[in-house]
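Down below is the structure, laid out as structure tokens.
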Amino acid sequence: MTTSAEEIKAGKGEPLVVLDRVNKHFGSLHVLQDIDLTVRRGEVVVVIGPSGSGKSTLCRTINRLETIDDGTITLDGKPLPAEGKALAQLRAEVGMVFQSFNLFAHKTILENVTLGPIKVRGEDRAAAEKRATELLERVGVAHQAAKYPAQLSGGQQQRVAIARALAMEPKVMLFDEPTSALDPEMIKEVLDVMVELAEQGMTMIVVTHEMGFARGAAHRVIFMADGAIVEENTPEEFFTHPRSDRAKDFLSKII
Ligand code: ADP
Ligand code: MG
């Protein structure tokens, strides 16, 4: 089912990722506080907020790299599985791209992209390589397929990391500050790939302070502070008329 941009803006898409009163503690730190969040199919949500506000933890709970203390998280109507094969399957359905590219250093670029499809999805090598090559073309690094990660620039490695996640045909892509570790001249090449992905209708949750991306590609901005969602709005409204003092203060520091 495809949902038009207007329908997504009007909040009409089908719920894909739903967090209902999610709470999590790290010892005495209440890192996620009653988080309610519904991300609809095809929606692009940017998560923004000060360092330590819980943005990474929020992402990590959605592919169950972190457990939660209470509340529920569902993906496509099903609760996140706790363990076993179902958990591996979930990780495939929730693509994740981190700040540090996290490629397998001793595998070639092509192998980095084919490993998951072969090992987790049981695809045959030829089919996996064909699709990996297409994905590497899509992110503009096909000519580097035989190289190793260290031979690529940071921007190229991050684009490979995106291709690797896409190879698993995820239902949703999570990006946790994907451009923060990049040299300035490489930020755009990664954001361009993300914008294209958004335009193609991928459901995306993106932790980033790149306002150009938020304004250009996001349907909604979520502002987090101290483990809670303090404010959410369209990018236009959020950046021009933040309502809370926390958001005003934060924006005054990053703009
Ligand atoms: P953000 O991504 O917004 O900077 P994080 O989700 O990384 O925030 O962290 C939120 C808070 O939780 C921080 O105070 C951080 O120190 C703490 N934290 C994160 N991971 C752990 C952990 N594994 N154990 C204990 N505290 C953690
Ligand atoms: Mg973080």
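The values are calculated or read from the model by the stated rules, or taken from the named source; none is laboratory data. Please read all numbers here as calculations on a predicted model, not as lab measurements. Because the Cβ atoms are built from the backbone with ideal geometry, glycine has one as well, and the counts that use them run over all protein chains shown. Side chains are part of the model used for accessible areas, which takes the heavy atoms of the whole protein and leaves out ligands, DNA and RNA. Shrake-Rupley method; radii C 1.70, N 1.55, O 1.52, S 1.80 Å.
Tabulated values for the structure
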item	result
Carbon and sulfur %, accessible surface of the chain computed with the full protein complex present, 1.4 Å	50
The chain: DSSP helices with Cα axial extent of at least 20 Å and average Kyte-Doolittle hydropathy no lower than 0.0	184-199
Distance (nanometres) between label positions extended 7 Å along Cα→Cβ at residue 105 and residue 38	4.5
Cα→Cβ-extended label distance, 7 Å offset, between residue 115 and residue 234, nm	4.3
Under 17 Å from the Cα of residue 107 - aspartates and glutamates, other chains or at least 8 residues apart	129
Members of 85/171; 119/147; 24/248; 85/119; 55/147 lying beyond 23 Å, as alpha-carbon distances in this model show	24/248; 55/147
Long-range amide H partners of residue 171 with built H, under 5 Å	94, 95
Per-residue ³J(HN,Hα) for segment 97-103, Karplus 6.51 cos²θ - 1.76 cosθ + 1.60, θ = phi - 60°, Hz, x for Gly and Pro	10, 9, 4, 8, 4, 6, 7
Where labels lie 7 Å past Cα in the beta-carbon direction, separation of residue 244 and residue 192 in nm	3.6
Average projected area [Cα convex hull, the chain], square nanometres	13.9
Viscosity 1.306 mPa s, temperature 10 °C, Stokes-Einstein D of segment 116-161 from Kirkwood C-alpha radius, µm²/s	142
Surface accessible to a 1.4 Å probe, per residue, for the residues of segment 45-195, Å²	45
